[in-house]
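Okay, so here's the structure we're looking at.
The values are calculated or read from the model by the stated rules, or taken from the named source; none is laboratory data. If you're wondering where the values come from, they're calculated on a predicted model, not measured in any experiment. Neighbour counts are summed over all protein chains in view; Cβ atoms, including those assigned to glycine, are modelled from backbone coordinates with ideal geometry. SASA here: full protein model, heavy atoms, side chains in, ligands and nucleic acids out. Shrake-Rupley method; radii C 1.70, N 1.55, O 1.52, S 1.80 Å.
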Amino acid sequence: MYETVLLIVAALIVGMSKGGLSTAAAIAVPMLALFMNPVKAAATLLPVYIVTDWVGVWLYRHHFSKRNLYILVPAILAGVAIATLITPYTPEWALLVFTGLIGIWHVARAWLKRHDDSQAKAKVVPGLFWGTLTGIASFITHSGAPPVQAYLLPQKLPKLEFAGTIAIAFAIGNIVKLPAYWVIGQLDGLNWSLVAGLAVAGIAGTVAGRWLTARLSQQLYMRVIQIMLAVLSVLLLIRGGMQVM
């Protein structure tokens, strides 16, 4: 019963992230890893990600940055391909620590630098770099939010455009992960009845996340995202460090 409740909570969190609170999703796998294998946790939630992704795409179909998608999507797909090859050989702690450090670096930069109203541009080389890291981190731990936000947040996109760009980019990346997970055996033995129920909970979370995103001010929205990113990054560092120890 306890495990089922946590799975439902994780599905709701994933859904809320797809509705606009983008960093929240990556908290789900570390939370589930407290009582189940992290690889199995990631595989269990992948169908929930895919279903809620496309609900998010529909909700944000009019709000996204075309240029950022043109840059990020190929990079994310490249990252997924790389992760498919290296997953059997890469210790999970290494990616957890690296991803956590990316998040801490971004939050520290955002909070410690002087106020700056300038907006970064959507440049190709940084986008390809961060997008590839996003694909790799997302594949192994569903923790792709820190690198993609490190690229997008300095651009100070309108909140709906920011949320929509992430929703569409991850929708494409996650659906590509499905055959890749199947190839390396991560979908073996899943309880598909449970997964179906979790998908319903995820859809409800997506609608709730979209409702919250539309009602938060731009400044508060970015602050919430940054706080969630900081919390997530610390959790990833702690979990990675515990694995090393």
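By the gyration tensor of its Cα atoms, with a ≥ b ≥ c the square roots of the eigenvalues, what is the shape of segment 177-217: rounded for a/c under 1.5, prolate for a/b over b/c, or oblate? The shape class here is oblate. Judged by the gyration tensor of its Cα atoms, with axes a ≥ b ≥ c, segment 35-90 is oblate; a/c meets the 1.5 cut and b/c is at least as large as a/b. What angle, in degrees between 0 and 90 and rounded to the nearest 10, separates the Cα long axis of helix 218-244 from the longest principal axis of the Cα atoms of the chain? For 218-244 against the chain, the angle is about 40 degrees. First check a/c for segment 96-157, with a ≥ b ≥ c the square roots of the eigenvalues of its C-alpha gyration tensor; if it is under 1.5, answer rounded, and if not, answer prolate when a/b is larger than b/c or oblate otherwise. The shape class here is oblate. Please work out the C-alpha center-to-center distance from segment 183-245 to segment 77-93 and express it in whole Å. Segment 183-245 and segment 77-93 have Cα centres spaced 20 Å from each other. Ranking Leu220, Gly127, Asn191 by how far each Cα lies toward the positive end of the dipole of segment 109-245 (charges on Cβ) leaves Leu220 at the top. A simple charge model with +1 on the Cβ of Lys and Arg, -1 on the Cβ of Asp and Glu and nothing else charged puts the dipole of the chain at about 760 debye relative to its Cα centre. Accessible surface calculations at 1.4 Å, restricted to protein heavy atoms, place segment 79-206 at 45 Å² per residue. What range in the chain is the longest one free of trypsin sites (Lys or Arg not before Pro) that are in a loop by DSSP and have at most 15 other Cβ atoms within 10 angstrom? Result, exposed sites excluded: 157-245. Near Asp53: Cβ cut-off under 12 Å, other residues only, Lys/Arg at +1 and Asp/Glu at -1. The net charge is +2. Of all lysines in the structure, the ones whose alpha carbon falls short of 28 Å from that of Lys159, not counting any fewer than 8 places away in one chain, are Lys18, Lys66, Lys113, Lys121, Lys123, Lys177.
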